[in-house]
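Here's the structure we're looking at; comments come further down.
The values are calculated or read from the model by the stated rules, or taken from the named source; none is laboratory data. A quick note: this is a predicted structure, and the numbers were derived from the prediction, not measured. Reconstructed Cβ throughout: ideal geometry from the backbone, glycine too, with neighbour counts over all protein chains shown. Surface accessibility is based on the protein's heavy atoms, side chains included, excluding ligands, DNA and RNA. Shrake-Rupley method; radii C 1.70, N 1.55, O 1.52, S 1.80 Å.
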Amino acid sequence: MQLTLAGAEVLRPDGLQVGALSMDGGLLVAEPVGRYVDLGGYRIVPGIVDIHGDGFERHLAPRRGVMKDLAQGLASAEAELAANGITTATLAQFWSWEGGMRGRGFALRFLDALQGYQGVGTDLRVQLRFEYAMLADYADFEQAVTDHAVPYVVFNDHLPHKALAKGKKPPRLTGQALKGGRSPEAHLALMQGLHAGMAEAEEAVAALSARLAAKGVILGSHDDNTVEGRALWRSRGVTISEFPETREAAEAATDGAVLGAPNVVRGGSHSGNVSAADLIREGLGDALASDYHYPAPRQAALMLAEEVGLKRAWAMVSSGPAALLGLQDRGELSVGKRADLLVLDDQGRIGATIAAGRITYLSGAVAERFMR
């Protein structure tokens, strides 16, 4: 598509400027080309790069066991992503002892479906979230990462260690067991066995990290809460820290800290962890992620813009996450970069989303401008 968007405020790397923005062949170009669209009164900002989001789960499995054709669920998820200004989406898929749609079998189905999916323009990428206590799964997991060229792996540990160490039944045991297709007794026995093998798992994950890093896979840890814990992961080549739970852990995440956009929108963590907005005000954090709610990155960036300025706030959802993912071709509105952008009205609502020069979402008064 050859197109020139004229008259809008454009958020360029050095700030807001009124002027034209042109695209050709999926890239931003210097000279006006194609048809003009008058967007006077609107604002154009870089497309959102979502570094971690699992909101797609409800599209793939609206009810347990219902969705058979995952491609249809991916199409529905892509529509929601586009409507929320997300032009690059990292779909964070579990490989977990929890089972069900977070288990090994579903993860492999998901990888196959995503590999074969033909979308409308949104760049759908994958992150595999590996529960590293699963020693028996290491070989299969590593093979899946290789076979599907998974670019980003995050190590998780969601075992309820405190309860298991005391010999107690963890909360929500029955519900979690049913979601995984197990009896409560079998689910508890599985968790107890994994808990008992954590010392061996710590050695195994260090070796796995080294092998994956050598292949160029980006590695992240999840829910860091101590300086020592972040340092340990960093020594293993695990550079990105997703959702650090404390200020100390966020300060120690010098290679890249991903914060939760819903945390900003809510005004704090729903689980009592450190406030993402407070961290950003203090100059911490490199990226905001949708986590479980795709509208949140846009909402959070616009909220933060009132305090830290639009340039810095929007970088948290565009150039910041793009840099952590090694995507140098996007994240800002510069000549030669991908034509990834969204059009906002004076209320911050999205009228259009364009990904790699293709319109993925268009509505309302902005659509009327395009149709003139």
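How big is the Kirkwood radius of the chain, worked out from every pair of different alpha carbons and given in Å to one decimal?
One over the average 1/r among Cα pairs gives 21.5 Å for the chain.
Taking the Cα centre as origin and putting +1 on Lys and Arg beta-carbons and -1 on Asp and Glu beta-carbons, what dipole magnitude results for the chain, to the nearest 20 debye?
Its charge dipole is roughly 800 debye.
Grab the DSSP H runs of the chain that are 4 residues or longer, score each as -39,500 (n - 2.57), total them, divide by all residues and round the 222 nm result to the nearest 500 deg cm²/dmol.
-11000 deg cm²/dmol
Go ahead and run the numbers for FRET between Tyr292 and Asp345, Cβ-Cβ distance against an R0 of 25 Å, rounding to 0.05.
My answer for the efficiency is 0.45.
Quick one: Cα centre-to-centre distance for region 124-139 and region 308-340, in angstrom?
Each part reduced to its Cα centre gives a spacing of 28 Å.
Where does the Debye-calculated log10 I(q)/I(0) of region 46-97 sit at q = 0.14, 0.24, 0.26 Å⁻¹, using only Cα point scatterers of equal weight, no solvent?
-0.37, -0.94, -1.04
Using the scaling law 2.2 N^0.38 Å as the reference, what is the normalised Cα Rg of region 196-301?
Ratio of Cα Rg to 2.2 N^0.38 Å: 1.13.
Sort Ser319, Ser96 from largest to smallest accessible area, using a 1.4 Å probe on the heavy atoms of the protein chains.
Sorted descending by solvent-accessible area, the residues read Ser319, Ser96.
Quick one: Cα centre-to-centre distance for region 251-291 and region 65-109, in angstrom?
Region 251-291 and region 65-109 have Cα centres separated by 24 Å.
What does the accessible area per residue of region 1-118 come to in Å², with a 1.4 Å probe and no ligands, DNA or RNA counted?
Roughly 39 Å² per residue, with all protein chains present.
Stokes-Einstein diffusion coefficient for region 171-244 at 25 °C in a medium of 0.890 mPa s, Rh from the Kirkwood formula over Cα pairs: what value in µm²/s?
In µm²/s, the coefficient is 171.
Please report, in whole Å³, the volume per residue of the convex hull around the C-alpha atoms of region 1-150.
Spread over its residues, the Cα hull of region 1-150 gives 141 Å³ apiece.
Between Ala206 and Arg372, what is the FRET efficiency for a Förster distance of 51 Å, r being their Cβ-Cβ separation, to the nearest 0.05?
0.30
Please report, in debye to the nearest 20, how large the charge dipole of region 1-102 is about its Cα centre when each Lys and Arg carries +1 at its beta carbon and each Asp and Glu carries -1 there.
Here region 1-102 has a charge dipole of around 360 debye.
Just to be sure I follow: if Rg is taken over the C-alpha atoms of region 304-372 and Rh is the Kirkwood radius over the same atoms, what is Rg/Rh?
Ratio of gyration radius to Kirkwood radius: 1.01.
Ignoring ligands, DNA and RNA, please state the percent of accessible area on region 185-275 from carbon and sulfur, probe 1.4 Å.
Carbon plus sulfur share of accessible area: 52 percent.
What is the local net charge at Val37, summed over the other residues whose Cβ is closer than 10 Å to its Cβ (Lys, Arg +1; Asp, Glu -1)?
Overall, the nearby charge balance is +2.
Indicate the gyration tensor shape class of region 273-347 (rounded, prolate or oblate), computed on the Cα atoms with a ≥ b ≥ c the square roots of the eigenvalues: a/c under 1.5 is rounded; otherwise a/b larger than b/c is prolate and the rest oblate.
Cα axes put region 273-347 in the prolate bin.
With a cut-off of 16 Å, note down the residues of region 217-257 whose backbone N falls inside the zone around a label point 7 Å from the Cα of Arg281 toward its beta carbon.
247
Just the projected area, averaged over all directions, of the convex hull on the alpha carbon atoms of region 101-154: how many nm²?
3.9 nm²
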